[in-house]
Amino acid sequence: MKSLRVGLCGVGNVGGVVLKNLISSSSLLELQGGVRFELIQVGARKGKSAVPFEGINVTKDLLDVARNREVDVLVEVIGGTDFAYELVTEAIKEGKHVVTANKALLATHGNELFSLAKENKVEIGFEASVAGGTPVIKALREGLVANKVKWFAGILNGTSNYILTEMESNKSSFNTALKKAQELGLAESDPSLDINGTDAAQKAIILAALAFHVPFDFSFVNFEGIEDIELEDIKYAKELGYSIKHIAHGKLNNSLVSINAFPTLVNNKTLLSQVGKEMNALEIYSESVGSTVYYGPGAGPEPTASAVIADLVDIAKGGWDLDINPNSDNKLEVSDPDTVSRYFRLQVKDETGVIAKISSVFADKKISIEALIQHEAKSKEDLESIPIVIVSGEISQSASDNLKEELENFPEVIPGIKNFRIHSNKE
Ligand code: HSE
């Protein structure tokens, strides 16, 4: 049987479960994984009091673990990008494999870490960095290896998805739903990273690096979070046959790769629209196999720990190709050339001729109106600010920005038009 000597750094939400499962599931891991793990050392800043097991070598100085000669693989579950970078770099230089759940670390330092790892002939396992317990990294680098990936679309942030589901199903306020997500241990220690789209965007660049063989360069991801979505938008989306999801999208156009992560209307007939609560899902469209969809828990300590341990098993068995990102002609591009249908919600003063004015802008710009909703005003207040919802034909991001700007020039249109993409399944 293979064996692997593990050093664990971090015993918080995720690290605590990794520790517990390495200890309590050792016979299952021997049976199913064919690997015997030996826990050599645990790095916990608070020391022994943070480790509820006897007989474990605990150090408060995490770099001790990176330098411990008996450790084959260092598990980094401390999060952050500063000390985590120093720790992982040190471990690699010391000839240790690394397993990390840290998407922020890979999104910002991925290129140098993987080239350092290649130089030192060690592996970096990062299944837990995207979609938690759902093995999407394995799908991309192993199961789909015979395919050229054309695009992916994923719900990659469990906290955002939990909030949107609560808003849609229970009409919960944004803040109540966020509080519940935090209580469930889904959110990042700084939940603004979940809500403002950063977390999903970091995961998107990791997927893009694998899918399209481009560098880990987070600065190329265009993204927004879910903060601007109101119950009103969720209600109108439903009326039109859609759910609003936060979708991370990567696409290969010839050899140019665009990556974005935005609140997006998803047709209620698609699998992605059915993904509720903290669940994640990733649809990958590839040239030979077509569309494949991966669904499962994307946040929370147990699912993340499950992915960490799966990487440990893989490393014990020899790991993966050290060339994570072979040279390719594909290039990341800053702007998104893709054209998609879009949802617009305008709040307008209910005056004669306002719809004619609005639709003339669409006509002048040769943008088609696919759907239009205006409900009858029911009160005096409604006359001051009534919603008009329009679904446009397929337009680019820049055409959409220009359209919005021009519409907001009308005195009847209240500034702050809501504008969301509509997901398209086209190749
Ligand atoms: N905070 C993340 C999420 C968890 O909600 O998806 C792991 O990345």
*asked:* Looking only at segment 184-211, filter to residues that are near the ligand (Cβ under 9 Å from one of its atoms) and in a helix (DSSP H, G or I); which one of those is surrounded by the fewest Cβ atoms within 10 Å (Cβ to Cβ)?
replied: 193
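One line per residue, one yes/no per condition, for (1) in contact (Cβ under 8 Å) with a residue 12 or more places away in the chain; (2) under 32 Å from the mean Cα position of the chain (by Cα); (3) assigned by TED's automatic domain parsing to the domain that holds residue 193:
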site: 18; (1), (2), (3): yes, yes, no
site: 27; (1), (2), (3): no, no, no
site: 46; (1), (2), (3): yes, yes, no
site: 49; (1), (2), (3): no, no, no
site: 57; (1), (2), (3): yes, no, no
site: 82; (1), (2), (3): no, yes, no
site: 88; (1), (2), (3): yes, yes, no
site: 93; (1), (2), (3): yes, yes, no
*Search result, residues across segment 225-245 that are part of a loop (DSSP other than H, G, I, E, B), more than 19 Å from residue 274 (Cβ to Cβ) and either touching a helix residue (DSSP H, G or I) at 6+ places or on another chain (Cβ under 9 Å) or of a type in the set (Gly, Ala, Ser) (or both)*: 225, 227, 230
*Considering segment 130-166 alone, what residues qualify as being among the small types (Gly, Ala, Ser) and part of a helix (DSSP H, G or I)?*
139, 143, 158, 160
*Within segment 147-155, can one find any residue that is over 14 Å from the mean Cα position of the chain (by Cα), farther than 24 Å from residue 133 by Cβ and surrounded by fewer than 21 Cβ atoms within 10 Å (Cβ to Cβ)?*
yes
*Failed condition for residue 309, given (1) among the β-branched types (Val, Ile, Thr); (2) closer than 27 Å to residue 191 by Cβ; (3) part of a strand (DSSP E or B)*: (3)
*Which of the residues spanning segment 271-296 are more than 16 Å from the ligand (Cβ to nearest atom) and either of a type in the set (Asp, Glu) or crowded, with 18+ Cβ neighbours inside 10 Å (or both)?*
273, 283, 284, 285, 286, 287
*Do we find a residue being assigned to a helix (DSSP H, G or I), within 30 Å of residue 13 (Cβ to Cβ), touching a helix residue (DSSP H, G or I) at 6+ places or on another chain (Cβ under 7 Å) and modelled with pLDDT of 95 or more anywhere in segment 259-281?*
no
_Contact list please: Cβ distance under 6 Å, first residue in segment 246-265 and more than 18 Å from residue 277 (Cα to Cα) and in contact (Cβ under 8 Å) with a residue 24 or more places away in the chain, second residue small (Gly, Ala, Ser) and assigned to a strand (DSSP E or B), pairs at least six apart or on different chains._
249/153; 251/258; 259/250; 261/248
*Odd one out for residue 318, checked against (1) in the same structural domain as residue 205 (by TED's automatic domain parsing); (2) assigned to a loop (DSSP other than H, G, I, E, B)*: (1)
*Which residues, counting only those in segment 82-126, are among the hydroxyl-bearing types (Ser, Thr, Tyr) and either in contact with a His (Cβ under 7 Å, 6 or more places away or on another chain) or closer than 16 Å to residue 209 by Cα (or both)?*
85, 108, 115
*Could you pull out the residue among 161, 120, 170, 157 that is away from the ligand (no atom under 12 Å from the Cβ) and in contact (Cβ under 8 Å) with a residue 12 or more places away in the chain?*
120
_Test: residue in segment 63-70 that is in a helix (DSSP H, G or I) and crowded, with 24+ Cβ neighbours inside 10 Å_ = yes
*asked:* Just checking: which of the helices (runs of 4 or more DSSP H) contained wholly in segment 340-427 hold 3 or more residues that are under 31 Å from the mean Cα position of the chain (by Cα) and in contact (Cβ under 8 Å) with a residue 40 or more places away in the chain?
replied: 397-407
_Any hit, segment 307-314, residues being surrounded by 16 or more Cβ atoms within 10 Å (Cβ to Cβ) and of a type in the set (Asp, Glu)_ = yes
*asked:* Checking the conditions here, which among 362, 420, 344, 410 is surrounded by fewer than 19 Cβ atoms within 10 Å (Cβ to Cβ) and among the hydrophobic types (A, V, I, L, M, F, W, C)?
replied: 410
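The values are calculated or read from the model by the stated rules, or taken from the named source; none is laboratory data. This one's a predicted model, so the numbers in the text were calculated from it and none came from an experiment. For neighbour counting, all protein chains shown are included, and Cβ atoms are generated from backbone atoms with ideal geometry for every residue, glycine included.
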